[in-house]
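Report on the structure given below.
The values are calculated or read from the model by the stated rules, or taken from the named source; none is laboratory data. Remember, it's a predicted structure, so these values are computed and weren't measured experimentally. With ideal geometry, Cβ positions are generated from the backbone for all residues, glycine too; neighbour counts draw on all protein chains shown. In case anyone asks, the SASA skips ligands and DNA or RNA and just uses the protein heavy atoms, side chains included. Shrake-Rupley method; radii C 1.70, N 1.55, O 1.52, S 1.80 Å.
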Amino acid sequence: MKNDFISIYDYSREWFEEIFKIARDLKNKIRTGEVYHPLKDKTLTMIFQKSSARTRISFEMGMYQLGGYALYLAPDDIQLGKRESVKDIARVISRYNDCIMARLFDHKHIIELAEYSSVPVINGLTNLLHPCQVTADIFTILEYKGVIDNIKVAFIGDGNNVANSWLNMSSKFPLNMSFAIPEGYDPNQEILERALNSKVSNIQIFREPFLAAEDADVIYTDVWTSMGKENEIEKRKIDFKNFQVNEELLKFAKDDCVVMHCLPAHRGEEITDDVIDGNNSIVYDEAENRMHIQKAILIKLLT
Ligand code: CP
Ligand code: NVA
């Protein structure tokens, strides 16, 4: 049976630990220049309904480095769900290649894509989840802190796809997860309840960033306005104006706290220049790890 990577929730802590091990090894191979082609002649189709820098580039370069090939389909190319139904595309692409990665608006569509395709499907972000991101994030935390268990992660901002994936991760690893989210922008209720019921992590939601940031090991943020919500941009600028990661906020966290952002960052909105460019910021290592983690996921699903 094929395996997909749609949600962090579908996998166990042990599975993620294996992914980290593979990613660490892949990272070393790059550093030493060792050529490693476990996906020789394997092919990946990448369907994008939204813009992307990191996801597109890291998957494309990752496939190349593993000896495979990746095809990029831009939002206008196949017009998933418009020119053709999701299930027809799933069935057809499955005949051409070994794996599909898709960045879609509607989460239902990635589930449908996985249901009707006979090859593994990887979620490269939907409105609901961003599992590759948060897997790379927790791996980056492990690299910096040496441990994951009981690390305090303060997520400041929108209860969006990234926040929902953090909730899923908090059902896998025991975290001290504190969110600061303005009223009206909470994470998905079902995902929140499931994470609370799993009782793996300590999860709290505050309305004040400094309460969430207190003694944090990690300060994490994302854009105030995610892709697809652009018509709310002006309202969100008002609602989120106190939810900025800046030097003042960092004073509440531990001195050695690391600052993370999935990127792209809107400098001067959710994060200030001095913080993203400052000594606590690990955002570029975080971005680099997207590639190593996704290569590990590809190897795990395809070999
Ligand atoms: N973080 C992330 O997924 O970046 P892109 O939107 O550029 O792919
Ligand atoms: N929450 C953001 C993440 C971008 C990588 C968005 O969905 O636009």
Q | Qualifying positions in the range 63-105 - farther than 29 Å from ASN28 by Cβ, open to solvent by 70 Å² or more (accessible area, probe 1.4 Å) and in contact with a strand residue (DSSP E or B) (Cβ under 9 Å, 6 or more places away or on another chain) | A | ASP77, TYR96
Q: Given the conditions (1) among the hydrophobic types (A, V, I, L, M, F, W, C); (2) farther than 30 Å from MET63 by Cα; (3) away from ligand 1 (no atom under 16 Å from the Cβ); (4) crowded, with 23+ Cβ neighbours inside 10 Å, report the number of the one that ILE271 does not fulfil.
A: (3)
Q) Residues of the range 209-245 being of a type in the set (Val, Ile, Thr) and either within 16 Å of ligand 2 (Cβ to nearest atom) or touching an Asp or Glu at 6+ places or on another chain (Cβ under 9 Å) (or both), which ones? A) VAL218, THR221, VAL223, THR225, ILE233, VAL245
Q. Among the residues of the range 67-86, is any hydroxyl-bearing (Ser, Thr, Tyr) and within 23 Å of TYR284 (Cα to Cα)?
A. no
Q) Could you give every pair whose Cβ atoms fall below 8 Å, whose first residue belongs to the range 263-274 and is over 13 Å from GLU248 (Cα atoms) and in contact (Cβ under 8 Å) with a residue 60 or more places away in the chain, and whose second residue is within 13 Å of ligand 2 (Cβ to nearest atom) and among the basic types (Lys, Arg), counting only separations of at least 6 or pairs across chains? A) LEU263/ARG54
Q.
If I ask for residues that are open to solvent by 50 Å² or more (accessible area, probe 1.4 Å), outside any loop (DSSP other than H, G, I, E, B) and within 16 Å of ligand 2 (Cβ to nearest atom), which ones from the range 246-268 would you list?
A. ARG267
Q.
Can you pull out every residue in the range 2-12 that is outside any loop (DSSP other than H, G, I, E, B) and surrounded by 15 or more Cβ atoms within 10 Å (Cβ to Cβ)?
A. PHE5, ILE8, TYR9
Q. With PHE243, PHE210 as the choices, which residue is open to solvent by less than 80 Å² (accessible area, probe 1.4 Å) and either aromatic (Phe, Trp, Tyr) or in a strand (DSSP E or B) (or both)?
A. PHE243
Q: Within the range 50-62, track down each residue that is open to solvent by 40 Å² or more (accessible area, probe 1.4 Å) and within 16 Å of ligand 2 (Cβ to nearest atom).
A: SER51, SER52, ALA53, ARG54, ARG56, ILE57
Q: Of all residues in the range 161-181, count the ones that are among the hydrophobic types (A, V, I, L, M, F, W, C) and touching a residue at least 60 places away in the same chain (Cβ under 8 Å).
A: 5
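Of all residues in the range 37-46 being away from ligand 2 (no atom under 16 Å from the Cβ) and in contact (Cβ under 8 Å) with a residue 60 or more places away in the chain, which is most open to solvent (accessible area, probe 1.4 Å)? I'd like the intermediate steps shown before the answer.
Residues of the range 37-46 away from ligand 2 (no atom under 16 Å from the Cβ): 37-45.
If we keep only those that are in contact (Cβ under 8 Å) with a residue 60 or more places away in the chain as well, we get 38-39, 42, 44.
Values: PRO38: 43, LEU39: 0, LYS42: 62, LEU44: 2 Å².
Filtering the range 37-46 for residues that are away from ligand 2 (no atom under 16 Å from the Cβ) and in contact (Cβ under 8 Å) with a residue 60 or more places away in the chain, the one most open to solvent (accessible area, probe 1.4 Å) comes out as LYS42.
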(Q) With the structure loaded, tell me whether GLU34 is out of contact with any helix residue (DSSP H, G or I) (no Cβ under 7 Å at 6 or more places or on another chain), under 30 Å from VAL200 (Cβ atoms) and open to solvent by 70 Å² or more (accessible area, probe 1.4 Å) or whether it fails that test. (A) no
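At negative phi and in contact with a His (Cβ under 9 Å, 6 or more places away or on another chain): which single residue out of ASP217, ASP222 fits that description?
ASP222
Each row is one residue, and each column tells you yes or no for (1) part of a strand (DSSP E or B); (2) of a type in the set (Val, Ile, Thr).
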| residue | (1), (2) |
| --- | --- |
| LEU39 | no, no |
| MET46 | yes, no |
| LYS50 | no, no |
| THR55 | no, yes |
| PHE59 | no, no |
| MET63 | no, no |
| LEU71 | yes, no |
| ASP88 | no, no |
| ARG91 | no, no |
Q: Taking MET291 as the residue in question, decide whether it is in contact with a strand residue (DSSP E or B) (Cβ under 9 Å, 6 or more places away or on another chain), within 30 Å of ARG13 (Cβ to Cβ), within 16 Å of ligand 2 (Cβ to nearest atom) and not in a loop (DSSP other than H, G, I, E, B).
A: no
